[in-house]
Amino acid sequence: MPDLEDRVRELERFRYAALGFINAHTTIVSDLWANYIEKVNPQRKLEIAEALQQQWFADANQTVRPAIGADPAHLDLLSQHYQEALEVVGSEILRKLKAAG
């Protein structure tokens, strides 16, 4: 049986692997959305991105998202982190669109 130090190291590896996975997905998703919005309507790209972000927040506040593997007792905390993640992705899309000109 692993000792406490080995278990902590394993949790840290898992944490950083999960963070890397999340950051990679954030990059890919924001690039895809920014490219799609740019192609669909370049003249209204910022307006579309802001409306999309507002819709994500409205949807997140109206429904309880399924949380695979989450303890039901922590759904409020999970919801808070979910909304923070939506802010990060939405802001990244806007940043990319503004940088593109």
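The values are calculated or read from the model by the stated rules, or taken from the named source; none is laboratory data. Because the structure is predicted, anything quoted here is derived from the model rather than measured. Heads up, the Cβs are rebuilt from the backbone with ideal geometry, glycines too, and the neighbour counts pull from every protein chain shown.
Inside region 14-32, can you point out the residues that are hydrophobic (A, V, I, L, M, F, W, C) and in contact with an Asp or Glu (Cβ under 9 Å, 6 or more places away or on another chain)?
Listed by number, the list holds a single entry, 29.
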Discussion item. Tell me yes or no: at least one residue of region 45-54 is touching an Asp or Glu at 6+ places or on another chain (Cβ under 9 Å) and under 22 Å from residue 23 (Cα atoms).
Written reply: yes
Discussion item. I'd like to verify a number: residues in region 78-87 that are surrounded by 14 or more Cβ atoms within 10 Å (Cβ to Cβ) and under 19 Å from residue 48 (Cβ atoms), how many?
Written reply: 1
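This table checks each residue for (1) closer than 30 Å to residue 97 by Cβ; (2) without any contact (Cβ under 8 Å) to a residue 12 or more places away in the chain; (3) not in a helix (DSSP H, G or I).
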| site | (1), (2), (3) |
| --- | --- |
| 9 | no, yes, no |
| 23 | yes, yes, no |
| 30 | yes, no, no |
| 38 | yes, no, no |
| 44 | yes, yes, no |
| 48 | yes, yes, no |
| 83 | yes, no, no |
Practice prompt. Take residue 22 and decide whether it is within 13 Å of the chain's Cα centre (by Cα) and surrounded by 10 or more Cβ atoms within 10 Å (Cβ to Cβ).
Written response: yes
Item to complete: Could you look through region 61-77, keep only residues that are surrounded by 11 or more Cβ atoms within 10 Å (Cβ to Cβ) and either in contact with a strand residue (DSSP E or B) (Cβ under 9 Å, 6 or more places away or on another chain) or closer than 17 Å to residue 25 by Cβ (or both), and pick out the one that is modelled with the lowest pLDDT?
Response: 65
Item to complete: Within region 25-48, track down each residue that is loosely packed, with under 11 Cβ neighbours inside 10 Å and basic (Lys, Arg).
Response: 39
Discussion item. Please go through (1) closer than 12 Å to residue 30 by Cβ; (2) hydrophobic (A, V, I, L, M, F, W, C); (3) touching a residue at least 24 places away in the same chain (Cβ under 8 Å) for residue 99 and return the number of the only condition it doesn't satisfy.
Written reply: (3)
Worksheet item: Would you say residue 76 is in a helix (DSSP H, G or I) and in contact (Cβ under 8 Å) with a residue 24 or more places away in the chain?
Response: no
